[in-house]
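Engineer: Here it is: the structure, laid out below.
The values are calculated or read from the model by the stated rules, or taken from the named source; none is laboratory data. Worth saying up front: this structure is predicted, and the values here are computed from it rather than measured. Because the Cβ atoms are built from the backbone with ideal geometry, glycine has one as well, and the counts that use them run over all protein chains shown.
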Amino acid sequence: MITDYLPPLLARYGDDLLDGFFVTLQLVFWSVGLGIIVGSLICWARMSKSWGLRSFAWFYIALFRGTPLLAQLFLIYYGLGQFASFWRALGLWSFLRDPFNCCLLAFTLNTAAYQAEIFRGAVQAIPKGQWEGAAALGIGKRIAFYRVVLPQAALLALRPFGNEIILMIKGSAVASVVTVYDLLGETRLAYSDTFRFDVYFYAAALYLMLVETLRRVWDVLERRLTRHLDPKRKEKAPDPAGQPVMST
């Protein structure tokens with residue numbers, strides 16, 4: 001068996017660490033995915049003409065970017081639990097009493113604030129000439145946004161969005177303090193059983209593997225999506241004589 005070739009500590013707790021690793025993946029995947037939806041709405045509110053919406057979005061972003069993720073998790077997990085009877089009346093207690101769901105809610109609200117600023121910065125970085133050119137062609141603002149501005153903004157937001165996912169992977173370790181058995185939670189259990197600190201090396205290796213894999217995938221994705229901007233691609237389409245035309 002493969003466990004015969006593993007260190008005794010890893011052979012004993014390897015399955016538990018892998019289970020925690022997959023819990024971490026689920027937390028990050030769902031929180032980032034839901035954060036895209038919430039962050040897009042907050043970004044829209046932040047850029048709207050309504051003073052009330054802009055103020056709400058500003059307060060939301062300032063609150064979740066200006067306070068520690070651990071404090072937000074405690075407020076949701078312990079704070080909302082103080083009003084259990086109220087949540088039961090609304091039918092939400094079955095969701096909020098689950099530590100995993102509390103972590104998912106806290107992570108989603110936190111990453112949505114960062115994503116909203118990433119999206120807003122990317123949209124505002126698009127030159128106004130793009131809007132003006134679309135208007136000159138008779139293209140409405142809504143279509144111009146989805147067909148002209150949004151694709152360019154997505155490219156600008158790609159790298160900071162990847163950084164935000166990496167930060168969420170590392171930040172997800174706080175889930176272990178509210179009894180969620182993610183990767184770090186399973187590692188703490190293994191350490192409490194054996195008092196072998198090297199179990200944290202195995203956990204760190206899994207985190208590193210996940211982050212490095214994502215980084216490389218993001219590099220490939222960015223190169224493919226921005227290959228038309230590569231200055232080395234100077235060869236244009238061939239001329240009618242069949243000879244390629246080189247730009248100067």
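Engineer: Please determine, by comparing only the residues of the stretch 42-55 that are in a helix (DSSP H, G or I) and exposed (fewer than 13 other Cβ atoms within 10 Å of the Cβ), which one is nearest to the chain's Cα centre (by Cα).
Structural biologist: Per the criteria, the residue is Ser55.
Engineer: Next up: Which condition breaks for Gly121 when tested against (1) at pLDDT 95 or above; (2) under 30 Å from Thr213 (Cβ atoms)?
Structural biologist: (1)
Engineer: Related question: Scan (1) of a type in the set (S, T, N, Q); (2) loosely packed, with under 14 Cβ neighbours inside 10 Å; (3) touching a residue at least 12 places away in the same chain (Cβ under 8 Å) for the single condition Thr213 breaks and write down its number.
Structural biologist: Result: Thr213 passes all but (3).
Engineer: While we're looking at this one, here's another question. Regarding Thr194, is this residue at pLDDT below 90, of a type outside the set (Lys, Arg) and either under 26 Å from Phe74 (Cα atoms) or touching a strand residue (DSSP E or B) at 6+ places or on another chain (Cβ under 6 Å) (or both)?
Structural biologist: no
Engineer: Looking only at residues that are part of a helix (DSSP H, G or I) and either modelled with pLDDT of 90 or more or of a type in the set (Lys, Arg) (or both) in the stretch 222-241, which one is farthest from Ala173 (Cα to Cα)?
Structural biologist: That would be Arg227.
To keep it simple, each residue is scored yes or no on (1) modelled with pLDDT of 95 or more; (2) under 15 Å from Ile165 (Cα atoms); (3) of a type in the set (Ser, Thr, Tyr).
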residue	(1), (2), (3)
Thr3	no, no, yes
Leu6	no, no, no
Ala11	no, no, no
Asp15	no, no, no
Leu18	no, no, no
Ser31	yes, yes, yes
Leu34	yes, yes, no
Ser50	no, no, yes
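Engineer: Just checking, how many residues over the stretch 194-210 are touching a residue at least 60 places away in the same chain (Cβ under 8 Å) and more than 19 Å from the chain's Cα centre (by Cα)?
Structural biologist: Number satisfying all stated conditions: 6.
Engineer: Does the stretch 117-135 include one or more residues that are exposed (fewer than 14 other Cβ atoms within 10 Å of the Cβ), in contact with a helix residue (DSSP H, G or I) (Cβ under 6 Å, 6 or more places away or on another chain) and under 30 Å from Lys170 (Cα atoms)?
Structural biologist: There is at least one residue in the stretch 117-135 that is exposed (fewer than 14 other Cβ atoms within 10 Å of the Cβ), in contact with a helix residue (DSSP H, G or I) (Cβ under 6 Å, 6 or more places away or on another chain) and under 30 Å from Lys170 (Cα atoms).
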